[in-house]
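Written below as structure tokens is the structure these notes are about.
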Amino acid sequence: MKRNRIFIGICFFILQILFGNIFPNTALSKTHNAPVNLEDYIYLVRDIKLSTEEIKEPYFVYENELVEIKVKMNSIINEISTNLTKFAEPLATTLINGIESLNRSEYRLKDFESQEEKVAIEIILTKIISGGYCTIKDKKQKKIVNEIIEKFYNYEPAPLQGEHGSFFAFRSGEIFYTSKDTIRGTYAPINIEDHIYGSEEVFIKFHAIEEPCLIYENSIVEIKVKMNDINKEIQSWTTKVGIQLKEEIESLNLQEYRLDNFENKFIKKTLESLIGKFIFEGNCFIKEKATGKTVDKIIVEYYKYNCGLLCGEAGRLYKLISGDIFYKKIDEVS
């Protein structure tokens, strides 16, 4: 057991060197000493419906001054067994053995001895909250909430520097938990096409779009998305980036919008994410530049890879029938 813990400690020390401070609720970037207001870098917001099922013992409890979060211990054990074991087997074994030896009806972070164990539990907790598989009590309102908001941020002061993560907030907008998914360092190149695990065909609905639209172009395709669809999607957004996006669309009042019309890089990232969404739904127009023909059908390939603790990515590659990749959408960074 002692040798095992020494090994885990060495692994954790190396992770800290590679990735910096990986603990949640920290707002310092790897390359800046001054605090960064990460709320200025929110680029996407989504609603999360929470489980209404009563969580019975044994369970894990996370608390701060705003919330009490309960998660089934079975859910945590399953995550340890299926995911953590793949790239940190000694740590996973230590966690499972520790949980079994404690044999409690209620677990908390303080029950786990080492800092690496606490970090692993916090990472797993974040994933479970994001999936809605927990109960959350608003301490101020003294009631269980059935819906929360996840706000994704992306702070990138320079290539391969900065961080990516998410805030969890009540419907009021008050943030009760922050998770830092990745602190970027320099990683070895990954061939994403080696990590494809599924694919499907998507039929494109429009052969032409004449009304106001957003146009995206690269060397392979021209893509058009109706501005009416984008406006419907962002109508209820209340983030700083969302409000600014709505204001800029209204003030520009164009027939054809392009990413270059928007100076804020986080607005551009938001629009790129929306383009990926509408391509996936087929709610767009696509023209292949090499042939000048309208595209009726594309292939979407799903990929996912893990390269260590807090290192990995999942998303979609959009391909023409010829096999050419014309767009990529990142769904998850871990």
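Just so it is clear, none of the values below were taken in a lab; they were calculated from the coordinates. All values derive from a computational prediction rather than experimental measurement. Here the Cβ is made from the backbone with ideal geometry for all residues, glycine too, and neighbour counts use every protein chain on show.
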Worksheet entry | Separation in nanometres of the label points that stand 7 Å from Cα toward Cβ, at GLU200 and LYS49 | 1.8 nm
Fill in: Dipole magnitude (debye, nearest 20) for segment 184-258, charges at Cβ of Lys, Arg, Asp, Glu
300 debye
Worksheet item: ARG108 to TYR133: FRET efficiency via 1/(1 + (r/R0)^6), r the Cβ-Cβ distance, R0 22 Å, to the nearest 0.05?
Response: 0.75
Worksheet item: Which of the aspartates and glutamates could be linked to LYS151 by a straight reach, that is with a Cα gap under 17 Å, when you skip same-chain ones fewer than 8 residues away?
Response: GLU39, ASP40, ASP47, GLU163, GLU174, ASP181, GLU233, GLU272, ASP331, GLU332
Response to the item:
Taking 0.36 nm per residue of separation between ASN228 and ILE144 and subtracting their Cα-Cα distance, the length gained on full extension comes to 26.6 nm
Fill in: trypsin sites (Lys or Arg not before Pro) lying in DSSP loop within segment 110-158, provided at most 14 other Cβ fall within 10 Å
LYS139, LYS140, LYS142
Worksheet item: Could you list, bin by bin from short to long, the percent of Cα-Cα pairs of segment 212-266 in 5 Å steps?
Response: 4, 18, 28, 28, 15, 5, 2
Response to the item:
So the pair-distance distribution of segment 78-132, from every Cα-Cα distance in 10 Å bins, comes to percents of 23, 58, 19
Discussion item. Using square roots of five times the C-alpha gyration tensor eigenvalues, list the equivalent-ellipsoid semi-axes of segment 54-152 in whole Å, biggest first.
Written reply: 24, 15, 12
Worksheet item: If Lys and Arg each add +1 and Asp and Glu each add -1, what is the summed charge of the other residues whose beta carbon sits under 11 Å from the beta carbon of ILE148?
Response: -1
Worksheet item: By the gyration tensor of its Cα atoms, with a ≥ b ≥ c the square roots of the eigenvalues, what is the shape of segment 248-334: rounded for a/c under 1.5, prolate for a/b over b/c, or oblate?
Response: oblate
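Pairs LYS70/LYS226; LYS142/LYS240; LYS127/LYS269; LYS127/LYS328: which are spaced more than 31 Å apart, C-alpha to C-alpha?
On the way: LYS70/LYS226 42 Å; LYS142/LYS240 29 Å; LYS127/LYS269 23 Å; LYS127/LYS328 23 Å.
Pairs exceeding the cut-off: LYS70/LYS226.
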